[in-house]
Each structure stands twice: as C-alpha cells, then as structure tokens.
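The values are calculated or read from the model by the stated rules, or taken from the named source; none is laboratory data. It should be emphasised that the depicted structure is a prediction, and the values quoted were computed from it without experimental measurement. No Cβ is skipped: glycine too gets one built from the backbone with ideal geometry, and neighbour counts run over all protein chains shown. Quick note on the areas: whole protein, heavy atoms, side chains included, nothing else; ligands and nucleic acids left out. Shrake-Rupley method; radii C 1.70, N 1.55, O 1.52, S 1.80 Å.
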Amino acid sequence: MKGYFELNIKSIKVISFFLVLGLLGYAAIYHSNPVRQGKGIEGFLYKIKMAPIEAFKTKINKDDWKDFNDNYRSFENILTVRQVTSKGYLTILFGEGIGSTIDIGREVWTNDGSLVRYAPILHNSYMTIFLKSGLIGVFLTFAFIYLLFRQKKSEHLVINSINYLLIGSAVFLILSNWVFMGLYLKLDNKSIFLGFLLCYKELIIKEKLKLS
C-alpha cells in the first residue's frame, strides 16, 4: 500500500535496508548460539535459528531425535516426495486423493496431545497439495497466486488499495504455503479475508459501471 513494490530508488533503499537488517539480525542470533531447551526468549531464538534451515534439509537421521525434531518439516517433505513418486507417473500428476496420508514411520505427539503415525496434513501446503492432487494441484496453486498477484492499476482509490492488499497477500502466500499451510490452515481466516476483498472489489466495479 506504501508503493514499495514499485521499482524506484526509494523502494530499493527501503527493501535493501530491511533485508540487510534481517540478515544481520539472523547472523547475531545464529552466532549467539541459543540452546535447544532454553527457557522463554532463548527457546524462541533457537526456533528462529533453525527455521531457515529446517525446511530445506535433504538428509535427516530419523534415529537422531535432535536431527528429527529440528528438521521435522523437511522430514515430511522427503517422505511425501518418496511416497508419491514411488507409485508411478499418474500419481505424480494427479496425487493420491483427498483421503491420502503420509506414513511417518513412528508415532509422534501432536499439539492436541494425541499420537499420530499417518499424517493427512503436512506443515508444507505445497507438499500437502502434491500428496492429494499431484503436480496438477501444485500448478493450479501457483496459478491462483499468480492471478492474485496480477492486479491492474485503477484510477479508483479504493480499488487500487484493494489491489495492493491482494498483491501483498499473494507475496505472503508464497512463503506461508511453504512453512505453514497457506490458505488451508484451519485456524486462520485468510481465505475468507481474500474472498471478501475480491467480492468487495467486484461490487465497487459493478457500481462504478452503473454510474458511468
């Protein structure tokens, strides 16, 4: 909404400043070496330290509880790719269906205090969609994000403001789908919010056409 996605000297300076600040902040946290079982803020800093690495590791020792817990999101991704690709090209394209699950190989505790071995939902939305509906589902997800990002400029101030919110939401969803469940996180209301914005925008356009 502030116009920082427009390519100019001001936006480059502001974005560069925050990128450098974020990198320096992460470097400070990483080298401060917060401990795994630290209390309060230290435990939180440990999670920040591990977050950028956790979702991208390709080799995890599942028998090492520290490696398993610290990189559980990557462990889920590895299992998903391995399971889906082992069932042939049709499964890779169309997935295993809505009721499909991933066999974690052991029972793990969930946030609600239950033990689960077969997980129907993963931390990564792209991988969950890949499991359920294959590469076609992942492609449609990216197509939705692209269409959400592709908003035309308008002379109407309210429509333009809504467009900025939709573009910002699209950028956010790229990352949110990777580390959480994006639109599919059942505790969140992003889908309702985006649906409201799109509906409100269309009503304004419709009213505008009536007046013209």
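Surface composition of the chain: carbon and sulfur atoms hold 67% of the protein heavy-atom accessible area at a 1.4 Å probe. Each of the peptides 170-183, 78-91 was scored by the mean count of other Cβ atoms within 10 Å over its residues; in descending order, highest first, they stand as 170-183, 78-91.
Based on DSSP H runs of at least 4 residues, each adding -39500 (n - 2.57), what is the mean residue ellipticity at 222 nm of the chain after dividing by all its residues, to the nearest 500 deg cm²/dmol?
Numbers: 8 runs with 134 residues, N = 212.
Theoretical 222 nm ellipticity from helices: -21000 deg cm²/dmol.
Rounded to the nearest whole angstrom, the semi-axes of the ellipsoid equivalent to the range 136-212, taken from the Cα gyration tensor as √(5λ), stand at 26, 13, 11, largest first.
Heavy-atom accessible area for Leu166, with the other protein chains in place and a 1.4 Å probe, reaches approximately 0 Å². Summary value for the chain: 13 percent relative contact order, contacts being C-alpha pairs under 8 angstrom separated by 6+ residues. Using the 1.4 Å probe convention, the accessible area of the chain works out to 69 Å² per residue with neighbouring protein chains retained.
Using 26 Å as the Cα-Cα cut-off, could you pick out the over-long pairs in Lys87/Lys190; Lys152/Lys210; Lys132/Lys206? Checking Cα-Cα distances, Lys87/Lys190; Lys132/Lys206 exceed 26 Å.
This structure gives semi-axes √(5λ) of the Cα gyration tensor in Å, computed directly, and of (1) 32, 20, 19; (2) 26, 21, 17; (3) 36, 26, 15 that value is listed as (3).
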